[in-house]
Amino acid sequence: MNPFRYERAADTQNAVAALAREPAGAYLGGGTNLVDLMKLGVATPELLVDVARLPYDRIEELPDGGVRIGAAVKNSVLAADRTIRTRYPLLSQALLSGASGQLRNLATTAGNLLQRTRCLYFQDVTKPCNKRRPGSGCPAREGYHRNLAILGASEACIATHPSDMAVAMAALDAVVRVQGPDGERAIPLVDFHRLPGEEPQRDTVLAHGELVTSVDLPALRFATCSTYRKVRDRASYAFALVSVAAALDVEGDTVRDVRLALGGVAHKPWRATRAEAILRGAPATAETFSRAADAELADAQPLPDNGFKVILARRVIVRVLTDLAERAR
Ligand SMILES: Cc1cc2nc3c(=O)[nH]c(=O)nc-3n(C[C@H](O)[C@H](O)[C@H](O)COP(=O)(O)OP(=O)(O)OC[C@H]3O[C@@H](n4cnc5c(N)ncnc54)[C@H](O)[C@@H]3O)c2cc1C
Ligand code: SF4
């Protein structure tokens with residue numbers, strides 16, 4: 001591991017100022033991703049600014065009926081929170097489907113959003129990788145890509161974003177609040193992560209030194225009828241091949257409203273806006289659900305070894321919506 005300096009931030013201003021002074025610095029949350037990448041030589045920060053003890057460890061109700069989740073709230077605490085479990089069950093389920101109990105006890109909300117891809121080549125410094133070393137190439141296209149993207153990929157990179165939590169938050173229209181040297185800003189979660197394009201080294205729209213302080217969940221009455229389903233190679237302790245986060249509002253036999261997002265299929269949590277447009281106002285039937293899934297996946301560009309994901313995603317979307325429609329009736 002490269003030598004690095006460590007500072008524990010006393011407050012937000014102190015944290016932001018420390019990174020503003022150090023272009024090769026990084027914030028440290030629970031360390032469950034960043035420290036692993038440092039051991040592998042993939043991340044080589046010269047300064048770590050520990051922000052896990054800043055006062056962002058609360059889950060608060062907002063006056064408009066939404067909920068604010070502090071950036072330092074641990075994944076296990078968020079998953080177990082009574083408000084989250086009852087009002088946003090898909091988020092609790094997504095968190096509990098990720099990693100292990102020990103990891104969730106350390107992992108923070110901000111760190112989870114900002115964890116990096118699990119593409120094998122990204123984690124292996126002996127291999128080229130455009131995300132780790134821009135311009136070096138993407139061996140995954142011709143090599144191992146069974147778990148990589150089918151939607152929104154580019155010639156430069158076909159990585160997927162590994163977070164389960166972020167997929168549920170994308171479905172919920174969450175908003176990420178950040179503090180930078182030039183002040184605060186709020187970024188809709190669906191715009192927070194990027195597609196790879198020509199700059200796969202940039203996972204998000206954050207500028208260097210911007211600190212995530214919280215994530216706001218808007219009020220969503222029908223999120224009580226929601227679920228997160230994750231398909232993976234083994235029953236636990238594995239990243240998603242495909243996951244679906246969904247909330248459904250059915251009146252009579254008609255879909256009144258819906259939120260749908262996919263994980264394991266793209267460089268970012270994939271909000272299924274095409275499917276949602278077909279579903280709203282349509283009969284809550286298997287035929288509609290299949291049509292919506294097909295529309296969402298119409299632009300999928302699988303490679304030889306991950307074509308199964310298109311079929312899998314279609315089936316999981318239809319299954320999840322069918323189950324939620326039965327529950328909603
Ligand atoms: C074996 C294993 C299995 C796993 N399985 C899953 C899984 O199935 N599903 C899943 O979703 N995840 C899984 N994970 C990933 C785990 O969820 C992440 O490692 C964790 O959420 C990262 O959170 P952290 O607080 O430890 O982040 P850190 O490692 O501390 O940081 C991650 C990144 O976030 C940045 N950062 C941290 N806090 C802030 C902040 N406030 N503002 C700006 N930047 C910040 C850091 O600089 C770093 O770039 C797994 C991890 C392991 C090791
Ligand atoms: S898919 Fe992306 S992360 Fe993986 S090797 Fe290619 S450029 Fe690197």
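The values are calculated or read from the model by the stated rules, or taken from the named source; none is laboratory data. Because the structure is predicted, anything quoted here is derived from the model rather than measured. Counting neighbours? That spans all protein chains shown, and the Cβs are built from the backbone with ideal geometry, glycine included.
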Exercise. Please go through the stretch 287-329 and pick out each residue that is among the small types (Gly, Ala, Ser), part of a helix (DSSP H, G or I) and either buried (at least 19 other Cβ atoms within 10 Å of the Cβ) or at positive phi (or both).
Key: Ala292, Ala293, Ala313, Ala325
Practice problem: Those residues that are touching a Pro at 6+ places or on another chain (Cβ under 7 Å), closer than 15 Å to Ala266 by Cα and of a type in the set (Val, Ile, Thr), I need them from the stretch 146-194; list them, please. | Solution: Ile150, Val167
Practice problem: Evaluate the stretch 139-151: report whether one residue or more is away from ligand 2 (no atom under 16 Å from the Cβ), modelled with pLDDT of 95 or more and in contact with a Lys or Arg (Cβ under 9 Å, 6 or more places away or on another chain). | Solution: no
Exercise. Just need a number here: residues in the stretch 222-241 that are more than 17 Å from Ala99 (Cβ to Cβ) and either more than 16 Å from the chain's Cα centre (by Cα) or surrounded by fewer than 15 Cβ atoms within 10 Å (Cβ to Cβ) (or both).
Key: 5
Exercise. Evaluate the following for Ala293: is it of a type in the set (A, V, I, L, M) and under 23 Å from the mean Cα position of the chain (by Cα)?
Key: yes
Practice problem: Report yes if Gln115 is polar (S, T, N, Q), within 16 Å of ligand 1 (Cβ to nearest atom), in contact with a helix residue (DSSP H, G or I) (Cβ under 7 Å, 6 or more places away or on another chain) and outside any helix (DSSP H, G or I), otherwise no. | Solution: no
Practice problem: For residues that are outside any strand (DSSP E or B) and more than 11 Å from the chain's Cα centre (by Cα), tally how many sit in the stretch 175-193. | Solution: 3
Quiz item: For the stretch 39-86, which fully contained strands (runs of 3 or more DSSP E) count at least 1 residues that are crowded, with 22+ Cβ neighbours inside 10 Å and hydrophobic (A, V, I, L, M, F, W, C)?
Solution: 47-50, 67-70
Practice problem: Could you grab me the full set of residues in the stretch 137-190 that are surrounded by fewer than 20 Cβ atoms within 10 Å (Cβ to Cβ), within 16 Å of Thr109 (Cβ to Cβ) and among the small types (Gly, Ala, Ser)? | Solution: Ala186
Quiz item: What number of residues within the stretch 1-38 satisfy the criterion of being within 25 Å of Pro162 (Cα to Cα), away from ligand 2 (no atom under 16 Å from the Cβ), crowded, with 18+ Cβ neighbours inside 10 Å and not small (Gly, Ala, Ser)?
Solution: 5
Quiz item: Filtering the stretch 121-131 down to residues that are buried (at least 16 other Cβ atoms within 10 Å of the Cβ) and away from ligand 1 (no atom under 14 Å from the Cβ), which residue is farthest from Ala159 (Cα to Cα)?
Solution: Lys127
Quiz item: Just wondering, is there one or more residues in the stretch 118-135 that are within 20 Å of Glu198 (Cα to Cα), in contact with a Gly (Cβ under 6 Å, 6 or more places away or on another chain), modelled with pLDDT of 95 or more and not hydroxyl-bearing (Ser, Thr, Tyr)?
Solution: yes
Quiz item: When residues of the stretch 87-120 are filtered for being of a type in the set (S, T, N, Q), buried (at least 17 other Cβ atoms within 10 Å of the Cβ) and over 16 Å from Ala240 (Cβ atoms), how many remain?
Solution: 3
Quiz item: Among (1) in contact (Cβ under 8 Å) with a residue 60 or more places away in the chain; (2) closer than 23 Å to Lys74 by Cα, where does Leu248 come up short?
Solution: (2)
Quiz item: Is at least one residue of the stretch 206-218 small (Gly, Ala, Ser) and within 28 Å of Phe308 (Cβ to Cβ)?
Solution: no
Quiz prompt | Matching residues in the stretch 195-245 - criterion: being under 15 Å from Gly264 (Cα atoms) and part of a strand (DSSP E or B) | solution = Tyr228, Arg229, Lys230, Val231, Val242, Ser243, Val244, Ala245
Quiz item: Could you say which residue among Val250, Val244 is under 23 Å from Thr108 (Cα atoms) and crowded, with 17+ Cβ neighbours inside 10 Å?
Solution: Val244
